[in-house]
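Take a look at the structure below.
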Amino acid sequence: MSEPAVVARLTREATSGLSAADLEEFYRDLHRHPELSFQEHRTAARLAARLRAAGYEVTEGVGRTGVVAVLANGDGPVVWLRGDMDALPVREATGLSYASAVEGLMHACGHDLHITWLTGAAEALAAARDLWAGTLVVVGQPAEEAGGGASAMVADGVHERFPRPDVLLGQHVTPGLVGFYPHTPGLTLSASDEIDIVVRGVGGHGARPESTVDPLVTAAYVVTRLQTVVSRETAANRSVVLTVGQFHSGTKPNIIPEEARLSLSLRTQDTKVRERVIAAVRRIVEGECAAAGCPEPPEIAHIPGYPATVNDVALDEEIAAVHRELLGAHTVFDFGQVMGSEDFSLLAPEGVPYDFWYVTSTPAEVWEAAPGEELTEKFVNVPGNHSPLFAPDLSVVLPGVRTLVSAALSRLA
Ligand code: ZN
Ligand code: ZN
């Protein structure tokens, strides 16, 4: 590792030739053309073309739609920079001139910005290769949005087919007044799990409920009672989120349906707590179905999601120091832990340190206009990731490239 002041100076030098206008145009193009998980063909092709032009050896189709680009530049560490590519089934409501041109799809999580940053950083580091030594591996990951894209790349041999990382680096755009680079040493993102439930009743005429076992009412009790898992079964100093995000049942007002389907999203930060919460969900669902007299037990399918993201403390502190030096001491602060989840960490082989930090993006006028005095109040009142109104300020394009370049140079310089 190098001194933060040296890394900051090299970063300014390496990024001095970048064109903000060019990268902004690239970003607007990606934003206009969102693609769902594992369908990122156009995005991957755009990324691959620019990396190839910059001198990288590029492999496409890794983990279905993933891109891996390698720049070997002498003896030194292997640094992986990762950005994710997929968009969401959200109907954009920003009204931006470069809003999504695809009906019902939107880059609502900012992965278009991640690919723009990744491209800018890869180009800058390639152009300035006389300033560093080592191997740079640029990873365009598919299907982060609960799609298992990182796992797909690992299953496709990303750790065996390409130079194995000594360190893995990535960043995510977030709401918050533009111009800050929050870092969290240690645990930063939570583990996620999904549970799909089918409550089976006995269907019949809506006018004769006595001849049925109503799965809709039973499932409604399940939803209500599940709220007690966090409020009554989890210690107040433990962080858990349990959200029932899907509830489907019935076809007509006068028909009692045969089944109801629920899907839950769980977020936890501790293995023991996670196991207890999953067991509590099973107990409650089975108990409510038994209480209702369902003719058969419910189906409960646990779909393990992403693990918790735990930054290497020393690495995070090293990169945070570089970002302070480069962007101003006041711009870096500890974000604390959040309940969101990422599969970023799966791209680091066991024991390889990784760091994942954030770039705030809320335009100043949107932040000022948001209700609330405190930072935390405003934070919940501005459009965030997955909102149809999420619209990062374009001024984040170059700083987000610099945070990635400087983090890479902290190891490669
Ligand atoms: Zn997302
Ligand atoms: Zn995301």
Q | The listed residue being away from ligand 1 (no atom under 16 Å from the Cβ), open to solvent by 10 Å² or more (accessible area, probe 1.4 Å) and under 24 Å from the mean Cα position of the chain (by Cα), out of ALA146, ALA152, ALA121 | A | ALA152
Q: Could you tell me whether the range 196-204 includes any residue that is touching a strand residue (DSSP E or B) at 6+ places or on another chain (Cβ under 6 Å), open to solvent by less than 10 Å² (accessible area, probe 1.4 Å), under 26 Å from LEU266 (Cα atoms) and in the same structural domain as ALA49 (by TED's automatic domain parsing)?
A: no
Q. Which ones in the range 52-86 are closer than 16 Å to HIS114 by Cβ and open to solvent by 40 Å² or more (accessible area, probe 1.4 Å)?
A. none
Q. When residues of the range 383-399 are filtered for being farther than 24 Å from THR15 by Cβ and out of contact with any Phe, Trp or Tyr (no Cβ under 8 Å at 6 or more places or on another chain), how many remain?
A. 7
Q. Is it true that some residue in the range 66-83 is under 18 Å from the mean Cα position of the chain (by Cα), modelled with pLDDT of 95 or more, assigned to a loop (DSSP other than H, G, I, E, B) and more than 20 Å from LEU404 (Cβ to Cβ)?
A. no
Q.
Of all residues being under 20 Å from THR11 (Cβ atoms) and among the acidic types (Asp, Glu) in the range 293-345, which is farthest from ligand 1 (Cβ to nearest atom)? Just the residue, please.
A. GLU325
Q: Tell me, yes or no, whether the range 397-409 has at least one residue that is open to solvent by less than 30 Å² (accessible area, probe 1.4 Å), outside any loop (DSSP other than H, G, I, E, B), hydroxyl-bearing (Ser, Thr, Tyr) and touching a helix residue (DSSP H, G or I) at 6+ places or on another chain (Cβ under 7 Å).
A: yes
Q: Report, by residue number, each residue of the range 21-51 that is open to solvent by less than 10 Å² (accessible area, probe 1.4 Å), closer than 19 Å to ALA121 by Cα and of a type outside the set (Gly, Ala, Ser).
A: LEU23, TYR27, LEU30, HIS31, THR43, LEU47, LEU51
Q: Looking at (1) hydroxyl-bearing (Ser, Thr, Tyr); (2) open to solvent by less than 30 Å² (accessible area, probe 1.4 Å); (3) at pLDDT below 95, find the lone condition where THR376 falls short.
A: (2)
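The values are calculated or read from the model by the stated rules, or taken from the named source; none is laboratory data. Everything numeric in this text was worked out from a predicted model, so none of it was measured. No Cβ is skipped: glycine too gets one built from the backbone with ideal geometry, and neighbour counts run over all protein chains shown. In case anyone asks, the SASA skips ligands and DNA or RNA and just uses the protein heavy atoms, side chains included. Shrake-Rupley method; radii C 1.70, N 1.55, O 1.52, S 1.80 Å.
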